[in-house]
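What follows draws every value from the coordinates through simple rules; no lab data is involved. Quick caveat, the model's predicted, so the values are computed rather than measured. Neighbour counts run over all protein chains shown; Cβ positions are idealised from the backbone, glycine included.
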Amino acid sequence: MPGKDRIIFVTKEDHETPSNAELVADDPNDPYEEHGLILPNGDINWNCPCLGGMASGPCGEQFKAAFSCFHYSKEDVKGSDCVDQFRAMQECMQKYPDLYPQEEEEEEEEEKPADPLREAAASEASAAREAAASS
């Protein structure tokens, strides 16, 4: 794009005099200003880097629908009224496994905590065996 940048040369004398530039206060309603995930008016900041580009990917519309539903949900269990939107988002994401990798089931199995009922039953059985052996 020719002409998009402008080069200005500054002399040593220009640097020696104090600047007369006036700073303009930030506009709190500027939608492009970084405010975090929630804007001051309560709306969702879809430009927030914290969303990792989810709002603009191939499933962006589904993500926005699910996230908006959750954000504005008034249910006792927040978001319980958003199951359909989250399902649509998940179905979309499954169509793009390179962009949205799914966790491997094998990894999930390793990370799952052991069944507490099974552990308690095993401990109880082992204690019963020890008691029987010592009597």
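Some observations on this one:
- Sorted peptide list for 86-94, 7-15, 59-67, criterion being average Cβ within 10 angstrom, highest first: 59-67, 86-94, 7-15
- For region 31-99, the orientation-averaged shadow of the C-alpha convex hull comes to 5.0 nm² (one quarter of the hull surface).
- Eligible lysines near LYS64 by straight Cα distance, threshold 26 Å, same-chain separation 8 or greater: LYS74, LYS78, LYS95
- Two-site label geometry, GLU16 and ASN47: point separation in nm, points 7 Å out along Cα→Cβ: 4.2
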